[in-house]
1. Order 102-110, 172-180 from most to least packed using the mean count of other Cβ atoms within 10 Å.
2. Based on DSSP, what percent of beta bridges with both residues in the chain are antiparallel, to the nearest 5?
3. How large is the helix-only mean residue ellipticity at 222 nm for the chain, computed as the sum of -39500 (n - 2.57) over DSSP H runs with n ≥ 4, divided by its residue count, in deg cm²/dmol to the nearest 500?
4. Inverting the mean 1/r over all pairs of different Cα atoms, compute the Kirkwood radius of the stretch 1-47 and quote it in Å.
5. Can you compute the radius of gyration and Dmax for the stretch 1-119, using only the Cα atoms, both in Å?
6. Only Lys, Arg, Asp and Glu count, each charged at its Cβ (+1, +1, -1, -1), so figure out the dipole size of the chain about its Cα centre, rounded to 20 debye.
7. Please report, largest first and rounded to whole Å, the three semi-axes of the ellipsoid equivalent to the chain, where each semi-axis is the square root of five times an eigenvalue of the C-alpha gyration tensor.
8. Identify, among V160, S102, F146, the residue whose Cα sits farthest towards the positive end of the charge dipole of the chain, taking +1 on the Cβ of Lys and Arg and -1 on the Cβ of Asp and Glu, with the dipole about the Cα centre.
Amino acid sequence: MTSIQRGALIVLEGCDRSGKSSQTRLLYDFLCTHGVSAKHMVFPNRNSDIGSSINAYLKNCKDLSDEVIHLLFTANRWEYKKEMEDLLNSGTTLVVDRYSYSGVAYSVAKGLDFDWCMAPERGLIRPDAVFYLKAPFEHLMNRGNFGGERYEVKDMQLKVANVFDHISESQKDFWHIIDASQTKDAVFENLSTKVLEIVEQIKETPLRNL
Ligand code: DGP
């Protein structure tokens, strides 16, 4: 009898307009065409009740304290933990656009305490790899569609980038920095090669929590 090997939890993080959404979609298609069972997920997931409150906040239609919105973003990830766990254990690799680190980065950028922000993320599934798409703010700003939502302002984005830099320094064992100022194809080439390796490497290892 052959045992089911688990899928990998692959997360893409970075500032707004860093290319995460395009790259997670490309990665999902790539894995499918390479025979890897995969699912594409996005956080925040704006489809749930909690997600729709987050959406209203981001669109400046609703005001919430920094603590409350932080906990809503986290709760939104907790809503999908069981589904994620079941998929991973059944052999599906998840390609996730933002996760707990965005949660911490955006709230710490607003002045909340790092440990306080991280505490409610504990117990969520630990990614097998985080790809941090990193590029200078000026480069990202020139990509267009910038400025529509609450956090899309220079000061905030610079602070968020600082927090991502700090986290990536302290989690070098599973964080990979990708130069997001390269062409879309070059970023993807870099990313896809590494992801295929990771999917193979982690198959027999148990899931871990943050
Ligand atoms: P996106 O749909 O990826 O463009 O994300 C929408 C905005 O929400 C973006 O400015 C980043 C921010 N964001 C994403 N996840 C979190 C989170 O967990 N906490 C906070 N405070 N902000 C987040």
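1. Values: 102-110: 22.4, 172-180: 15.1.
By packing density, highest mean first, the sequence is 102-110, 172-180.
2. Within the chain, antiparallel bridges account for around 5 percent of the total.
3. Numbers: 9 runs with 103 residues, N = 210.
Result for the chain, helices only: -15000 deg cm²/dmol.
4. Hydrodynamic radius (Kirkwood, Cα only) of the stretch 1-47 equals 12.5 Å.
5. Final numbers for Rg and Dmax: 15.8, 55 Å.
6. Computed charge dipole of the chain: roughly 280 debye.
7. For the chain, the semi-axes come out at 27, 21, 16 Å.
8. F146
Read-outs: derived from the displayed coordinates by stated rules, not from any lab. Predicted, not measured: the structure shown is a model, and the values here were computed from it. Every residue, glycine among them, receives a Cβ derived from its backbone with ideal geometry; neighbour counts consider all protein chains shown.
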